[in-house]
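Novice: Below is a structure I'd like to ask you about.
We did not get these values from a lab; they are worked out from the coordinates using the rules stated. Bear in mind the structure is a predicted one, so any value in this text is a computation, not a measurement. Cβ coordinates were reconstructed from backbone atoms using ideal geometry, including for glycine residues, and neighbour counts include every protein chain displayed.
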Amino acid sequence: MKFFIDTADVNEIKEMNDMGLVDGVTTNPSLIYKSGRKFEEVIKEICDLVDGPISAETVTLEAKSIFDEAIKLKDIHPNIVVKIPLITEGLKAVKMCAAEGIKTNVTLCFNASQALLAAKAGATYISPFVGRLDDITHVGMDLIEDICTIYQNYDFATEVLVASIRNPLHVLEASLMGADVATMPAQVMKQLAHHPLTDIGLKKFLDDWEKVPK
Ligand code: G3P
């Protein structure tokens with residue numbers, strides 16, 4: 001299972017990358033805005049930091065203009081994955097990208113039929129948003145289970161990239177379902193390593209070690 005970090009904050013990316021846990025990065029226009037930096041400048045810096053897929057999102061609404069954006073984005077760095085919203089025009093652009101060998105991450109997926117279409121269009125990744133579904137009292141992880149089943153049924157090459165992750169349980173459940181990738185905030189990545197019994201046990205070991213005759 002691959003772990004991507006969902007941020008455009010280069011300091012966070014550096015910190016998590018140092019832990020050796022970052023296989024790739026996902027960004028979106030809101031995260032770029034939050035970084036307070038210029039889009040291309042921050043994307044280039046992220047590409048220099050992490051040797052893995054880096055998702056950069058398009059911001060137009062027609063297939064031709066989305067495809068034109070994709071061409072420009074993939075020229076920024078060979079690791080760029082073009083993130084395209086799951087709308088009809090977006091799916092057309094995904095198909096055009098697939099024909100040119102441009103990798104895509106189809107985003108804002110909220111049901112399994114959308115995911116089926118993205119796979120048929122030739123998406124490299126599908127990004128179902130689990131946290132935002134939970135927010136409106138739909139069980140986000142049920143969507144991941146359905147998508148994994150559909151993709152297995154037909155041997156689709158599209159990878160399931162679980163997005164809008166809010167807690168470690170989302171990551172754990174995604175791994176049990178066989179999702180290919182989890183993209184998460186740095187905080188969730190850190191939480192995955194922690195258990196209070198580990199801290200208590202370590203303290204006891206170190207306290208006892210002090211008492212061992214040396
Ligand atoms: O990048 C897409 C997704 O992970 C956004 O998450 O927390 O804004 O719903 P969130």
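Novice: ³J(HN,Hα) across region 74-79 via Karplus (A = 6.51, B = -1.76, C = 1.60, θ = phi - 60°), whole Hz, x for Gly/Pro?
Specialist: 5, 6, 5, 6, x, 8
Novice: Output ³J(HN,Hα) for region 37-44: one whole-Hz value per residue in order, computed from phi by the Karplus curve 6.51 cos²θ - 1.76 cosθ + 1.60 with θ = phi - 60°, and x for Gly and Pro.
Specialist: 10, 6, 3, 5, 4, 6, 5, 4
Novice: Next up: Contact order normalised by length for region 117-172, with contacts defined as Cα pairs under 8 Å and 6 or more residues apart; what percent is it?
Specialist: Numbers: 65 pairs, mean separation 26.2, N = 56.
Value for region 117-172: 47 percent.
Novice: If you don't mind, there's one more thing I want to ask. Quick query: amide H of S55 versus all other amide H atoms, modeled in the peptide plane; which residues come in under 5 Å with a sequence gap of 5 or more or a different chain?
Specialist: For S55, whose amide H was placed from the backbone, the distant partners under 5 Å are V25, T26, T27, V81.
Novice: Let me ask something else. Give me the angle, in degrees from 0 to 90, between the Cα long axis of helix 88-99 and the longest principal axis of the Cα atoms of the chain, rounded to the nearest 10.
Specialist: The angle comes out at about 80 degrees.
Novice: Scattering from the C-alpha atoms of region 2-211 alone, worked out with Debye: what is log10 I(q)/I(0) at q = 0.16, 0.19 1/Å?
Specialist: Those come out to -1.03, -1.39, one per q.
Novice: So if R0 is 30 Å, what FRET efficiency would D68 and S30 give, r being the distance between their Cβ atoms, rounded to the nearest 0.05? It would help to have the intermediate numbers written out before the result.
Specialist: On the way: r = 22 Å, r/R0 = 0.75.
The computed FRET efficiency comes out at 0.85.
Novice: Could the peptides 51-64, 6-19 be put in order, highest first, of the mean number of other beta-carbon atoms found within 10 Å of their residues? Before the final figure, lay out each step's value.
Specialist: On the way: 51-64: 19.0, 6-19: 17.4.
Peptide ranking by packing, descending: 51-64, 6-19.
Novice: Expressed as an acute angle from 0 to 90° and rounded to the nearest 10, what is the orientation of the C-alpha long axis of helix 196-211 relative to the principal long axis of the chain?
Specialist: With both axes taken from Cα atoms, the answer is about 30 degrees.
Novice: Could you tell me how many degrees, from 0 to 90 and to the nearest 10, lie between the Cα long axis of helix 112-121 and the main elongation axis, the longest principal axis, of the Cα atoms of the chain?
Specialist: 60 degrees
Novice: Here is a further query. To the nearest 0.05, how large is the calculated FRET efficiency for R132 and F205 if R₀ is 45 Å and r is the Cβ-Cβ distance? Don't skip to the answer; put the middle values down first.
Specialist: Working: r = 42 Å, r/R0 = 0.93.
Computed FRET efficiency for R132 and F205: 0.60.
Novice: Related question: Would you mind checking K14/K204; K14/K64; K92/K190; K14/K74; K190/K214 for any pair whose Cα atoms are more than 30 angstrom apart? Before the final figure, lay out the partial values.
Specialist: Values: K14/K204 32 Å; K14/K64 35 Å; K92/K190 38 Å; K14/K74 23 Å; K190/K214 35 Å.
Beyond 30 Å: K14/K204; K14/K64; K92/K190; K190/K214.
Novice: Then there is this: Using per-residue counts of other Cβ atoms within 10 Å, averaged over each peptide, order 76-88, 199-211, 149-161 from highest down.
Specialist: Numbers: 76-88: 19.5, 199-211: 9.2, 149-161: 16.4.
Highest mean packing first, the order is 76-88, 149-161, 199-211.
Novice: Would you mind computing, in nm to one decimal, how far apart the modelled labels at T198 and L21 are, each placed 7 Å from Cα along Cα→Cβ?
Specialist: Reported label-point gap for T198 and L21 is 0.8 nm.
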